[in-house]
Structures are given as C-alpha cells and as structure tokens.
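The values are calculated or read from the model by the stated rules, or taken from the named source; none is laboratory data. Quick caveat: nothing in here was measured; it's all calculated off a predicted structure. Don't worry about glycine lacking a Cβ; one is built from the backbone with ideal geometry, like all the others, and counts go over all protein chains shown.
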Amino acid sequence: MQKTSRILLEVYLVGSSEISNPGDCMVYLVDCRSELALIDAGVSADISKICRNIKRAGLDPEDISTLFITHSHIDHVGGAASFRKKYGCKNVAHELDSDALEKADPELTGAVWYNQELMPCKVDVKLSGSEGDVLVGNKTFRWFHTPGHTPGSISILLNTSDGNILFAQDVHGPFMPQFRSNISDWAKSMKKLIDLDFDVLAEGHFGIYRPKDRAVEYIKSYLTHYGYQ
Ligand SMILES: [Zn+2]
Ligand SMILES: [Zn+2]
C-alpha cells in the first residue's frame, strides 16, 4: 500500500490510484522553498485527498504557485481547474495540448472513457518549441517536448539537492487515434529521455524507477514491446 512518500528531499508523491482517487495518475509535489510546484492534478475536481496528502507531508497547499501539466488527459488534469481556483496557481502546459484542456474536449482528454465531465481550465503559460526552463522559487524546471502519447506531452527534468528527477509521466502509452497519438514520435521522445542526465524516473502510473539503469530498462522495455529497438 502506497502512502504519501518522500521520493527525494524536496520531492513528494501526493496522489495516485492508491493514495488519493482510484482514477488518479501519480501526482508529484516539489518543495521550491518559498513556493510549491505540482506535477499533474489527478482525475477529480475534488482535490481534497491530494491536499490532505500535501498537509501530511508537512506542507501547505496554499503555497502551490505552479501546476505543470504533462499532458491533457483527464487522469492528469481533472483537478487543474480546482487547484487554479482554490490556490490561484498558474497552469503550465505545452501549447499543443492546451486547447484540449481549455475546451475540455471529451475525446482528446479521454473524459469519455472515464464517463466523467471535465471542467475546462485556462492554461496560463503555454510552452512552445522543443525545450525550455520555467523557474519556481529556488528551482529551475527544464521541460522537453516529448510528443507521442499526445501531441503536446512534456517531460520535466529537475535538479535537486540529492538527485536529478525526470517526470516523464505516461511513458507506457497507450497510443490511440482519438488522442492524436503518434507512436514514431513517441519512440523518438523516449530515446531523447534516455539520453538525459537523471537519477530517478517518476512515471505517470507505475511510480518510481531508480537508479537510472533500472529506469532506462523500463523505458526500453516499451520500445522493445512496440518494435522500436
Ligand atoms: Zn495519458
Ligand atoms: Zn495517464
């Protein structure tokens, strides 16, 4: 049984199918000293369990200033509008996945699969291009456009005091025409991730892989599965 856990000194797991809501992705929280950054927001507009977990970690959800959206699927963005409304955080997503969330497109966000209505949510910072930096508190979040699962999927690399963590979220797919998935783009994205300098992989549904060798093995197992190596 998972619990709210400290993955690195400044990184916590605060949401998942086991510790918040059954439909939730893995939700990660980064302590940026004066501010908090959240990676994804879970499936539900009811964010109370994720907030309870943040408090259990000894942190205050009121300090969330930034929500990074790795892609616009409902299991990652269902709570986005609630976090933005309640805590005034700014939402950051790639421009190629922003429309789906701002319009709450039921197909592109996968909401139809969950038989759930998604609240549309503004994206305050729309990332464009292939990579860049977003500063939050004392941290620099380096983002990479890693299309494939969706057109605007991003991965985030963060250097912390006790290791480099890569938030890659849905490494495993799936790949569906209704998501505008592109599996050859995905294979290129995964190869790009393997080349990055990280110690810990934070995946969207399957948790934490470390050290890097084990994480690379995990990513490569999917490349092999889909015939890309
Ligand atoms: Zn997804
Ligand atoms: Zn997912």
Next on the checklist: Being within 16 Å of ligand 1 (Cβ to nearest atom), assigned to a strand (DSSP E or B) and of a type in the set (S, T, N, Q) is the requirement here; does S155 meet it?
Outcome noted: yes
Checklist entry - Mind checking which residues of region 106-120 are touching a residue at least 60 places away in the same chain (Cβ under 8 Å) and within 16 Å of ligand 2 (Cβ to nearest atom)? => result E107, L108, G110, Y114, Q116
Next on the checklist: Which pairs turn up if I take residues in region 15-34 that are over 13 Å from C51 (Cα atoms) and of a type in the set (K, R) and look for partners that are at pLDDT 95 or above and assigned to a strand (DSSP E or B) with beta carbon separation below 9 Å, at least 6 apart in sequence or on another chain?
Outcome noted: R33/K139
Checklist entry - Of the residues V123, V171, which single one is within 15 Å of ligand 2 (Cβ to nearest atom), among the β-branched types (V, I, T) and touching a residue at least 40 places away in the same chain (Cβ under 8 Å)? => result V171
Checklist entry - Which residues, counting only those in region 1-14, are in contact (Cβ under 8 Å) with a residue 12 or more places away in the chain, part of a strand (DSSP E or B) and not charged (D, E, K, R)? => result I7, L8, V11, Y12, L13, V14
Checklist entry - If you go through region 112-125 one residue at a time, do you hit one that is away from ligand 1 (no atom under 16 Å from the Cβ), at positive phi and of a type outside the set (A, V, I, L, M, F, W, C)? => result yes
Next on the checklist: I'd like the residue in region 83-105 that is free of Cβ contacts under 8 Å to residues at least 40 places away in the same chain and surrounded by fewer than 18 Cβ atoms within 10 Å (Cβ to Cβ) and, out of all such residues, is nearest to the chain's Cα centre (by Cα).
Outcome noted: K90
Item to check | L59 being closer than 24 Å to E203 by Cβ and in a helix (DSSP H, G or I) | outcome: no
Checklist entry - Regarding Y114, is this residue surrounded by 15 or more Cβ atoms within 10 Å (Cβ to Cβ) and modelled with pLDDT under 95? => result yes
Next on the checklist: Give me the residue from region 17-32 that is farther than 19 Å from I154 by Cα and out of contact with any Lys or Arg (no Cβ under 8 Å at 6 or more places or on another chain) and, out of that set, farthest from ligand 2 (Cβ to nearest atom).
Outcome noted: D31
Item to check | Complete set of residues in region 158-183 that are on the phi < 0 side of the Ramachandran plot and outside any loop (DSSP other than H, G, I, E, B) | outcome: L158, N159, T160, N164, I165, L166, F167, A168, P177, Q178, F179, I183
Checklist outcome for this item: Cβ pairs under 7 Å, 6+ apart or interchain, first in region 147-167 and closer than 27 Å to R180 by Cβ and in contact (Cβ under 8 Å) with a residue 24 or more places away in the chain, second small (G, A, S) and part of a strand (DSSP E or B), ordered by first then second residue, are G152/A93; S155/A168; L166/S155; L166/A202; F167/S155; F167/A202
Item to check | Options S128, S65, S48: the member that is under 16 Å from the mean Cα position of the chain (by Cα) and modelled with pLDDT of 95 or more | outcome: S65
